[in-house]
1. Would you pick out the residues in the range 245-262 that are in a loop (DSSP other than H, G, I, E, B) and surrounded by 20 or more Cβ atoms within 10 Å (Cβ to Cβ)?
2. Kindly establish whether Thr52 is open to solvent by less than 50 Å² (accessible area, probe 1.4 Å) and either modelled with pLDDT of 95 or more or polar (S, T, N, Q) (or both).
3. Which numbered condition in (1) open to solvent by 30 Å² or more (accessible area, probe 1.4 Å); (2) farther than 22 Å from Ile84 by Cα; (3) assigned to a strand (DSSP E or B) is the only one that Ser211 fails?
4. Taking Arg154 as meeting all but one of (1) open to solvent by 50 Å² or more (accessible area, probe 1.4 Å); (2) touching a strand residue (DSSP E or B) at 6+ places or on another chain (Cβ under 6 Å), write down the number of the exception.
5. Scan (1) modelled with pLDDT of 90 or more; (2) on the phi < 0 side of the Ramachandran plot; (3) touching a strand residue (DSSP E or B) at 6+ places or on another chain (Cβ under 8 Å) for the single condition Ile291 breaks and write down its number.
6. Over 19 Å from the mean Cα position of the chain (by Cα), open to solvent by 50 Å² or more (accessible area, probe 1.4 Å) and at negative phi - does that describe any residue in the range 118-132?
Amino acid sequence: MNAAGRLAAFGAGLVMAFAAAYGVAAAVAPGTAVTASQNPGADGPGGRAATTGQASPVSLPSAGPPGLSLARDGYVLSSVRAPIAPGDRGTLSFAIVDPDGEPLLDYATVHDKQLHLIVVRSDGQHFAHVHPVLDHTAGTWSTPWTWKAAGSYRVFADFQPARADSTKLTLTRTVEVAGDFAPSHPAATRTMDEIAGYTVELDGALSAGVSKQLTATVTRDGDPVTTLQPYLGAYGHLVALREGDLAYLHVHPEGVEPVAGRTGGPAVSFAATAPTAGRYLLYLDFKVDDIVHTATFVVDAARGNTDQAEPEPSRDAGHAGGH
């Protein structure tokens, strides 16, 4: 059997395995995130590029957590082009293909941006949240890019088509970056020290199927920080991923929306619902003096009682992963 045949057979088996595992709410590898193939001779943004494969997209059931599929509601995340090895400077680029097979050009603005791009290695390291630029002629999103380390990375495109009947979507692909890779195994932690002199501590618990409050408190030299600036429509932005398959949690910001020119802090609260018990990787972005910092936490979610779920806040986060 040639390489294409083996890949097709593997993809079919992976989809069947995911369907079985999904029924028992197990954490599985994303069946529709296609592993990237290296293409040293390809010409594109940034020169030599690592690109994702071209397998047929398969959408997850609508009830599944977001961030596990390269296609949903007819929209598809195209191949991702990026530098091939750590340290190579270039461009990361991709397109969103609409149900008619054309590049999507019209996007709704959600939390100040038309598309949020999140990139993280499979072990939770090297998290990045950036906002690429759309070429309205080609329908391609792009941003300058340099990989910090080798490994298997997940690329998430978070957006909402401008059509009136559309909802926000999170599509994903996997990109392999060449080089030696030794995965880390982070231990549970609720305090992140020394982010440019700031200390961030996380209070609250996660419980499967139950909305719980998480509160991050920012201090510096033991003093509360009350100069948090609005960032993407709130005083903090939280992305939460399930360890193992990097599925997104359901996260809402709490409290009033920031007012332009006013600062907040030291506490920022979120309502989070873990889809299953297990370990979760949390990334909090906060902005002070026009600089965005990221605090990282690892939290274990207990088994919950869905019959006693707390009511969800009325204001939608509008951004997979919330903030």
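The values are calculated or read from the model by the stated rules, or taken from the named source; none is laboratory data. Everything numeric here is computed off the predicted structure, so don't read it as measured data. Note: ideal-geometry Cβ built from the backbone for every residue, glycine included; neighbour counts use all protein chains shown. Accessible surface is based on the protein model in full, side chains and every heavy atom, while ligands, DNA and RNA are left aside. Shrake-Rupley method; radii C 1.70, N 1.55, O 1.52, S 1.80 Å.
1. Within the range 245-262, Asp245, Leu246, Ala247, Leu249 meet the criteria.
2. Considered against the rule, which asks whether it is open to solvent by less than 50 Å² (accessible area, probe 1.4 Å) and either modelled with pLDDT of 95 or more or polar (S, T, N, Q) (or both), Thr52 comes out as yes.
3. For Ser211, the exception is condition (1).
4. Result: Arg154 fails condition (1) only.
5. (3)
6. No: the range 118-132 contains no residue that is over 19 Å from the mean Cα position of the chain (by Cα), open to solvent by 50 Å² or more (accessible area, probe 1.4 Å) and at negative phi.
Let's see how each residue does on (1) open to solvent by 50 Å² or more (accessible area, probe 1.4 Å); (2) closer than 24 Å to His126 by Cβ; (3) of a type in the set (S, T, N, Q):
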site	(1), (2), (3)
Ala240	no, yes, no
Glu243	yes, yes, no
Ser269	no, no, yes
Thr273	no, no, yes
Tyr280	no, yes, no
Gly304	no, no, no
